[in-house]
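Presented below is the structure to which this report refers.
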Amino acid sequence: MKSTVFESIHIALGARMAPFAGFNMPISYTGVNEEHMTVRERVGVFDVSHMGEIYVRGPQALALVQRVTTNDASILPCGKAQYSCMPNGHGGIVDDILVYHCREDEYLLVVNASNTDKDEAWLREQNTVGAVIENVSDQVSQLAVQGPRALDVLQALTKADLQSMPSYTFLHAPVAGVPDVLVSRTGYTGNDGFELYFANEAGPALWNALFEEGYRYGIQPIGLGARDTLRLEMGFCLYGNDIDDTTSPIEAGLGWITRFVPDKDFIDRELLYEQKAQGVKRRLVGLRMTDKGIPRHGFPITDAEGRPVGQVTSGTMSPCLKEGIAMGYVEVPHDVPGSEVCIEIRGRLLRAAVVRKPFVRL
């Protein structure tokens, strides 16, 4: 099992550790609900160094990125990022990723930790144009600083103008004396925040600087448990739960990152265009419990008469709403917002409503 450079810090802070995507990672420190609300109300720091980073370089870099992703990377100026996904040739999803346009002929793909090796192999298999692929995941650490006071904390540690950065842009700047940190204004929580990418050896110094500056704002370390509840309140997909090699981006509600523009012949274009034009038989929807109960991954979804119509992919008790919320695939036409369905929880059919995402609006 791998470790991030922050493992000893997590253990010293009393974190509950567990294996995740091949890494020994912090699941929680003081409790998921408390950590969740810290991010919603103040600022929290996540160790997300388990994520993968793969560079695509050279004169054919854009051609390869355009071929393997559904979104249109050709519209990205340098310093801009976009959410995208990689179709697998059979209508499913290899991975959902972030694409960063770093400089001319250079793109950085940030991929899910559990898929790093798979994604690299897929990129190399599809690289018929001679682009240069470099997996730097083992050399790079990443911290996510998220919450309403994230800007206050981070701006005090750098001369770069973070206030003026639009969402989904990034820059390179010294942070807390650490040179050449990639600072990205993105996030997986719904709150404003930043991701910091840097060399492994700079990790402890950067962690300490963040917590020294953030003390006045109530900064806290946040585990993967709260990361999951935060993203679920926003209706963000988790690879392996809500999307995988058997789900299409159209079924998953990711049509907005599936761009059928001229001169972009990406993998599965024709199949996905047909799905978008003709419709699909199931869709990923938001579910909010009407009866009291906590939906969980794998729980059956039925219609009001108890006939199976789908399955929960992610579910929790929302710390903000104090109600059970979930996402799951349901058969059409049960995907229409306002539809009533049931979720089987401990042998009982409990009522839930199909709702629009996000569950929480910030």
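Can you tell me which residues in the range 135-180 are of a type in the set (S, T, N, Q) and out of contact with any Asp or Glu (no Cβ under 7 Å at 6 or more places or on another chain)? Listed by number, the residues that qualify are Gln139, Ser141, Gln146, Gln155, Thr158, Gln163, Ser164, Ser167, Thr169. Among all residues of the range 161-171, there is none that is within 19 Å of Gly58 (Cβ to Cβ) and either of a type in the set (Phe, Trp, Tyr) or outside any helix (DSSP H, G or I) (or both).
Listed conditions (1) within 24 Å of Leu362 (Cβ to Cβ); (2) buried (at least 21 other Cβ atoms within 10 Å of the Cβ) are all met by Leu123, apart from (1).
Please determine whether any residue of the range 85-103 is basic (Lys, Arg), farther than 30 Å from Tyr29 by Cβ and touching a residue at least 24 places away in the same chain (Cβ under 8 Å). Among the residues of the range 85-103, at least one is basic (Lys, Arg), farther than 30 Å from Tyr29 by Cβ and touching a residue at least 24 places away in the same chain (Cβ under 8 Å), which makes the answer yes.
Criterion applied to Arg288, Arg269, Arg307 was being out of contact with any helix residue (DSSP H, G or I) (no Cβ under 8 Å at 6 or more places or on another chain) and in contact (Cβ under 8 Å) with a residue 12 or more places away in the chain, and the one residue passing it is Arg288. Entry remark, the range 127-149: residues being buried (at least 17 other Cβ atoms within 10 Å of the Cβ) and over 22 Å from Asn200 (Cα atoms) number 4 in total.
If you go through the range 112-160 and keep only what is over 26 Å from Ala63 (Cα atoms), part of a helix (DSSP H, G or I) and among the β-branched types (Val, Ile, Thr), you end up with just Val153. Condition test on Asp72, is it within 29 Å of Pro221 (Cβ to Cβ) and of a type in the set (D, E, K, R)? Considered against the rule, which asks whether it is within 29 Å of Pro221 (Cβ to Cβ) and of a type in the set (D, E, K, R), Asp72 comes out as no. Do we find that Thr246 is outside the structural domain of Glu41 (by TED's automatic domain parsing) and either among the aliphatic types (A, V, I, L, M) or surrounded by fewer than 16 Cβ atoms within 10 Å (Cβ to Cβ) (or both) in this structure? The answer is yes for Thr246. Quick check on Gln82: is it in a helix (DSSP H, G or I) and either buried (at least 19 other Cβ atoms within 10 Å of the Cβ) or in contact (Cβ under 8 Å) with a residue 60 or more places away in the chain (or both)? Spelling it out, it is not the case that Gln82 is in a helix (DSSP H, G or I) and either buried (at least 19 other Cβ atoms within 10 Å of the Cβ) or in contact (Cβ under 8 Å) with a residue 60 or more places away in the chain (or both).
Residue check: is Asp161 free of Cβ contacts under 8 Å to residues at least 12 places away in the same chain and in the same structural domain as Gln220 (by TED's automatic domain parsing)? For Asp161, the condition - free of Cβ contacts under 8 Å to residues at least 12 places away in the same chain and in the same structural domain as Gln220 (by TED's automatic domain parsing) - is met.
Filtering Leu171, Leu196 for residues that are assigned by TED's automatic domain parsing to the domain that holds Ile11, at pLDDT 95 or above, surrounded by fewer than 23 Cβ atoms within 10 Å (Cβ to Cβ) and not β-branched (Val, Ile, Thr) leaves a single hit, Leu171. Residues that are of a type in the set (A, V, I, L, M, F, W, C), modelled with pLDDT of 95 or more, more than 29 Å from Leu350 (Cα to Cα) and surrounded by 14 or more Cβ atoms within 10 Å (Cβ to Cβ) do occur in the range 261-270.
Answer with yes or no whether Ser74 is modelled with pLDDT of 95 or more, of a type in the set (Gly, Ala, Ser) and either more than 19 Å from Tyr168 (Cα to Cα) or under 18 Å from the mean Cα position of the chain (by Cα) (or both). The answer is no for Ser74.
Of the strands (runs of 3 or more DSSP E) contained entirely in the range 274-321, those carrying at least 3 residues that are at pLDDT 95 or above and out of contact with any Pro (no Cβ under 6 Å at 6 or more places or on another chain) fall at 282-289, 308-317.
For the range 233-245, the count of residues that are within 24 Å of Thr38 (Cβ to Cβ), touching a residue at least 24 places away in the same chain (Cβ under 8 Å) and not in a loop (DSSP other than H, G, I, E, B) is nonzero.
The values are calculated or read from the model by the stated rules, or taken from the named source; none is laboratory data. Just so you know, these numbers come straight off a predicted model, no measurement behind them. Positions of Cβ are backbone-derived with ideal geometry, glycine not excepted, and every protein chain shown enters the neighbour counts.
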